[in-house]
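Read the figures in this text as sums done on the coordinates, not as results from a lab. Keep in mind that what you see is a predicted model, and the values were worked out from it rather than measured. So basically every Cβ, Gly included, is an ideal-geometry build from the backbone, and we count neighbours across all protein chains shown.
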Amino acid sequence: MDSEKQVLFAGFGGQGVLSMGQFLAYAGMEAGKNVSWVPSYGAEMRGGTANCLVTIAAEEISSPLTENPVMAIIMNKPSLDKFEMKIKPNGTLIINSSLVDRPPVRDDLKVLAMPLTQVAEEINNTRGSNMIMLGAYLEKTGVVKVEDALKHFEKIFKGKKESVINKNREAFLAGVEYARNNW
Amino acid sequence: MKTVFKKPESLTDAQFHYCPGCTHGIIHRLIAECVDEMNIRESTIGICPVGCSVLAYDYFNFDMLEAAHGRAPAIAAAIKRLLPDRTLFTYQGDGDLASIGMGEILHASVRGEKICVFFINNTVYGMTGGQMAPTTLLGQVTTTSPYGRSKDNEGYPAKMAEILAQNEGSAYICRTAVNDPPNVMKTKKAIKKALQTQAKGLGFSMVEILSTCPTNWGLNPLDSMKWLEDNMIPYYPLGELKVKEDR
Amino acid sequence: MEKVLMKGNEALAEGALIAGCRGFFGYPITPSSEIAEYMARKLPGLGGVFVQAESELAAINMVYGGSSTGTRVMTASSGPGISLKQEGISFIAEAELPCLIVNVSRGGPGLGGIQPSQADYFQATRGGGHGDYRVIVLAPSGTQEMMDYTIEAFDLADRYRTPVMIMAEGTLGNIMEPIIVRDPVEKFYDKPWAITGCKGRKPNIVNTLHLASDFLEERNRILQAKYKLIEQNEKRAETFLTDDADVIVVAFGLMARIVKKAVMEARKNGVKAGLIRPITLWPFPDEHFKKVAETARMVLSVEISMGQMVEDIRLSVNGRVPVEFYGRIGFTPNPEEITQQLLLLAEREGF
């Protein structure tokens, strides 16, 4: 199914990898699409790494699992080591170059890199790095339109403090801005 | 004509299947009398165990459930929580309560489940033919401790009343015996106090009742009573171990 | 209708509340614990009872007691915990008490791992504990079904006075998908057999001890008659592109959705594949296999196990068509590898 998009989010615990995926799933659902969010759990969870797979599709999602996603957001080096060889041929890697100190071995992959730590420090929001990355990802891919995602911030962060929501929105927009200027 | 003695309403007409000299019959009757006197027959639910008293559901004239071996306190706790205005009791032997059901009884007490437990301790597995129980006394010969229970091999007999009395959730813990009429009367008093403890919502209650097993002890009923007095009471002292007066 | 994004375990728990479940008794174990956590948050506010039991043994016996009051009650666990519960499930089946038992299953044997698994199929469909009994087993394939089948399970349990099991591989408990939250159930059943205190009636007895041989056999015949009725009425399966298929793939749970994708991919590559997805694992939907046994050239069972359901498939096709097996443990076979299997089979068999 060509209109079905699957993206893998991978990093270490504390980087907000799972919530990044959840945000995308919420945003996709609010935009009227079929979505699924599958966290890694099990042995993979141990050792501090985490990942989740989000599928967004116009029609019914048959398999929410894949071994070979077309795209992966790689937040640290162990995740690159683990998943690089699994990405579909000619797939895309979005890489946090602050924590990944090597380029991919494969030469068929499209690589979009961002020095995430630096970008986060510029807006004085190191805890918002997952939202920065998500903003950049959506700006680049349009899986869910940036303006649609922005519309649903209040709903997705329901129950959170206004200031927290604003912080996240600011981080998201910083990512959008980075992608626009650099990718 | 004036009735001076009758079968409690809380007992059915079924004939007890217990061996001659067994004290289950006495204890069943004591419970039934207390339930009658408190006028709670229609709101009482009893849970019977696996062991000689497995058929107790045929003898009590109120709603009964027959449990898996050792699990009666878990079952009673669930029912009590779902139907808090009913009176729940379990009737358990020493194998059921102190061996396979040690987990359930301890945690029912730890959680302070508002149920009554009537624990019949006769130091031996009756129904299966006289095997060693956790409460078998040191030196006591059973079919699975043929050389007598030893502290080095089988360990010491479990003092359930003392163990459970330590838990904050326990509101009333008492040990009695049914070896002579005064002790039978004290046992009835304790059973009633346990039921009242539940009615007041004070917490978990247990009456450990020292009992006999003439068949598996290989003694006649009278000698059994004497054996209880001479051997069991010294190791399992009688009396109230925990009495909580208010919540 | 507005959809909400929910985790499978939470959708299941919410489904139970919608069905009127007011008692949950459980013990923590990955990957099912979120069900207990959800119930611990919600039940007190609904006048229900939540108890974290000291053990799986105690938990299932609390279900035994809880169900005997006529209340809709449940427990949830995973592999090792479900093994411990088998004693109680046998009692509950014979006492003819309705309840829901959820197995969000993980890999075994032994402590195994917490990866998704379907290797408890035998345990679930053969009764699991001692004696001649069966448990209705439903296998959802997505988050919406985690809710819907739970609601259905409580109805089946009451209708037939029997324990019902939901078996879902671990992933289903953890996956989030948008679902429509159902309306609260309003149809409930009279339970004159319940243990509630004998006010105004004869005492009720819940009992599974039958020392007289005649009565023991009679009780077994009564149970078997009920199971016959369930077999007649409740076999369920979903079929996909089976009419013209050369190879029928059989899978249940989330695995079936993954197979569906492989079936479509195989067709793109010229292999006519189809899918049968058993929804009831017991009673097994054997009738769905009668037709394909005439038309298909091969059946392939895909399971997250070393091969369990494949035995029921073989019984169902009764030798009329060859049945092959593909399965893994610790990993969920992915669409790509199943497609590969189908292409290899087609090449080998020449279709």
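One table, with the values for the structure above:
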read-out: Inter-centroid distance (Cα atoms) of segment B:118-173 relative to segment C:86-154, Å; value: 37 Å
read-out: Point-to-point label distance, residue C:132-residue A:90, nm (Cα→Cβ direction, 7 Å offset); value: 6.3 nm
read-out: Summed residue charge, Cβ within 10 Å of residue C:302's Cβ, Lys/Arg positive, Asp/Glu negative; value: -2
read-out: Stretch in chain B that is longest and holds no chymotrypsin sites (Phe, Trp or Tyr not before Pro) that DSSP places in a loop and that have at most 11 other beta carbons within 10 Å; value: B:6-146
read-out: Distance between segment C:168-213 and segment B:13-32 - C-alpha centres, whole angstrom; value: 34 Å
read-out: Average other protein chain Cβ within 10 Å of Cβ, residues B:58-71; value: 6
read-out: Förster-model FRET efficiency, 51 Å R0, residue B:226 and residue C:315, C-beta, rounded to 0.05; value: 0.20
read-out: Largest-first principal axis extents, alpha carbons of the protein assembly as shown, Å; value: 103, 67, 54
read-out: Among the listed pairs A:5/A:77; C:3/C:226; C:187/C:228; C:3/C:228; A:160/C:7, those beyond 30 Å (Cα-Cα); value: C:3/C:226; C:3/C:228
read-out: Exposed-site-free run, longest, chain A (rule: trypsin sites (Lys or Arg not before Pro); DSSP loop; at most 12 other C-beta within 10 Å); value: A:1-157
read-out: Set of aspartates and glutamates near residue B:186 by C-alpha distance (under 13 Å), chain-local residues within fewer than 8 positions excluded; value: B:208, B:240
read-out: Restricting segment C:150-224 to GluC sites (Glu not before Pro) in coil, as DSSP defines it, with at most 13 other Cβ within 10 Å; value: C:186
read-out: Average other protein chain Cβ within 10 Å of Cβ, residues C:314-322; value: 0
read-out: Average beta-carbon neighbours from other chains, 10 Å sphere, peptide C:192-204; value: 6
read-out: Fraction of antiparallel bridges per DSSP, the protein assembly as shown only, in percent to nearest 5; value: 30 percent
read-out: Trypsin sites (Lys or Arg not before Pro) restricted to segment B:3-51 and DSSP loop, no more than 10 other C-beta within 10 Å; value: B:6
read-out: Ranking of C:241, B:82, A:8 by count of other Cβ atoms within 10 Å, fewest first; value: C:241, B:82, A:8
read-out: DSSP-defined antiparallel bridges as percent of all bridges, chain C, nearest 5; value: 25 percent
read-out: Candidates per trypsin sites (Lys or Arg not before Pro) in segment B:95-179, loop by DSSP, up to 14 other Cβ within 10 Å; value: B:151
read-out: Column: log10 I(q)/I(0), Debye, Cα scatterers of segment C:221-351, q = 0.15 Å⁻¹; value: -0.65
read-out: Cα centroid of segment B:192-232 to Cα centroid of segment C:269-316, whole Å; value: 60 Å
read-out: Computed label-point distance, nm, for sites residue A:170 and residue B:144 using a 7 Å Cα→Cβ extension; value: 7.0 nm
